Amino acid sequence: MREAVFLRQNQERWQQYEKRPPAGPDELAARFVALTDDLAYAQTFYPSSPTTAYLNGLTSKVHQRLYANKRQDRGRFVRFWALELPLVVARHHGTLAFTALLFVLFTGLGALSAAYDDSFVRVVMGDSYVNTTIENIRRGDPMAVYKQEGETLMFLGITANNIYVALSIFVQGVTLGIGTLVQMFRTGLMLGSFQYFFYHYHVLRASVLTIWIHGTLEISAVIVAGAAGFVMARGILFPGTYGRGEAFRQSARDGLKMAIGLVPIFIVAGFLEGFVTRHTEMPVAASLLIIGSSAAFIGWYFVVYPRQVARRLAAPSSH
């Protein structure tokens, strides 16, 4: 992008930062994030320009206000999940919605394939798992597989594996999104065939009340990881007015924030799978409460809250 275009697109916003005080600490943090992005771009393409020197000075002023004391420094961790990540998610809500719809389609294909081909579940899940689960169903405990390993080991193993899978889904966005698409396709097929398998053996209700205790968070996080991969891929495929390299860096940074932001969700999902899912004797109301609370949190944090943050920071200040 030519420097004149860069100035025309952003100069009015920078001047507002100088003239208008921020409405609060959240807006101040958002200004700092935006300015560091602008400064990084200017340092890359106009290293000796007055624009870069101006941005460096303006960013330094905002930095001094943002980190005025150590207590604010300690809030950096909280600020990431309270402000930075929601703003990134808000910017890419379209990609997130597309990924969710795509995953639903793949899940439906998995269920349909299992319905028309009895051997499909064995191809996807493996003979050992299917045979073991059938035997558990016959014994009257279809979810016994979640009771075979110790709680702590199960929690640690599942959490580490889920984080690895999510990062893998994101990183494969660098393949122009093809690797991410394949991973999402496989996961959707597995989920759909898995659920149809329990429907076929008339234990769908038991499976839903058990598996989705942890699955609500886990599957939702996988969808967000897929969106992160597609965000990165979009920067390569559709750079817009930026150079392809700069567009990739920006999209990769946004995608990485989305992927890293999933870590606490996978920890909670792993805890639920390791310590709670195994209690198949729990009341239906307790299962529904956990599932409903998880779904409500996902809807609030990834849909409602990002829009609220974006609107609040975009609103004119009353000062």
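The values are calculated or read from the model by the stated rules, or taken from the named source; none is laboratory data. Just so it is clear, the structure is predicted and the values come from calculations on it, not from any experiment. Cβ placement follows ideal geometry from the backbone for every residue including glycine, while neighbour counts extend to all protein chains displayed. Ligands, DNA and RNA are stripped out before the accessible areas are found, and what is left, the full protein with its side chains, is counted by its heavy atoms. Shrake-Rupley method; radii C 1.70, N 1.55, O 1.52, S 1.80 Å.
As a summary of the residue check, F77 satisfies the conditions (1) modelled with pLDDT of 80 or more; (2) within 27 Å of the chain's Cα centre (by Cα); (3) open to solvent by 60 Å² or more (accessible area, probe 1.4 Å); (4) of a type in the set (A, V, I, L, M, F, W, C) except for the one numbered (1). Has the stretch 125-141 got any residue that is within 30 Å of G245 (Cα to Cα) and open to solvent by 30 Å² or more (accessible area, probe 1.4 Å)? The answer is no; no qualifying residue exists.
Against the definition (in contact (Cβ under 8 Å) with a residue 40 or more places away in the chain, open to solvent by 20 Å² or more (accessible area, probe 1.4 Å) and under 28 Å from V145 (Cα atoms)), how does S220 come out, yes or no? Spelling it out, S220 is indeed in contact (Cβ under 8 Å) with a residue 40 or more places away in the chain, open to solvent by 20 Å² or more (accessible area, probe 1.4 Å) and under 28 Å from V145 (Cα atoms).
Could you say which residue among F248, F271 is assigned to a helix (DSSP H, G or I), open to solvent by 60 Å² or more (accessible area, probe 1.4 Å), of a type outside the set (D, E, K, R) and touching a residue at least 24 places away in the same chain (Cβ under 8 Å)? So that I can check it myself, show each step before the final result.
Numbers: F248 fails: touching a residue at least 24 places away in the same chain (Cβ under 8 Å).
Of F248, F271, the one residue that is assigned to a helix (DSSP H, G or I), open to solvent by 60 Å² or more (accessible area, probe 1.4 Å), of a type outside the set (D, E, K, R) and touching a residue at least 24 places away in the same chain (Cβ under 8 Å) is F271.
Report the residue count in the stretch 116-153 for those that are touching a Phe, Trp or Tyr at 6+ places or on another chain (Cβ under 8 Å) and assigned to a helix (DSSP H, G or I). Let's see the steps before the verdict.
Pass one, the stretch 116-153, residues touching a Phe, Trp or Tyr at 6+ places or on another chain (Cβ under 8 Å): 121, 124-125, 130, 133-134, 137, 142, 145, 151.
Going one step further and asking which of them are assigned to a helix (DSSP H, G or I), we end up with 121, 124-125, 130, 133-134, 137, 145, 151.
The number of residues fulfilling the criteria is 9.
Could you tell me whether any residue of the stretch 190-199 is more than 16 Å from G140 (Cα to Cα), of a type outside the set (D, E, K, R) and open to solvent by less than 10 Å² (accessible area, probe 1.4 Å)? There is at least one residue in the stretch 190-199 that is more than 16 Å from G140 (Cα to Cα), of a type outside the set (D, E, K, R) and open to solvent by less than 10 Å² (accessible area, probe 1.4 Å).
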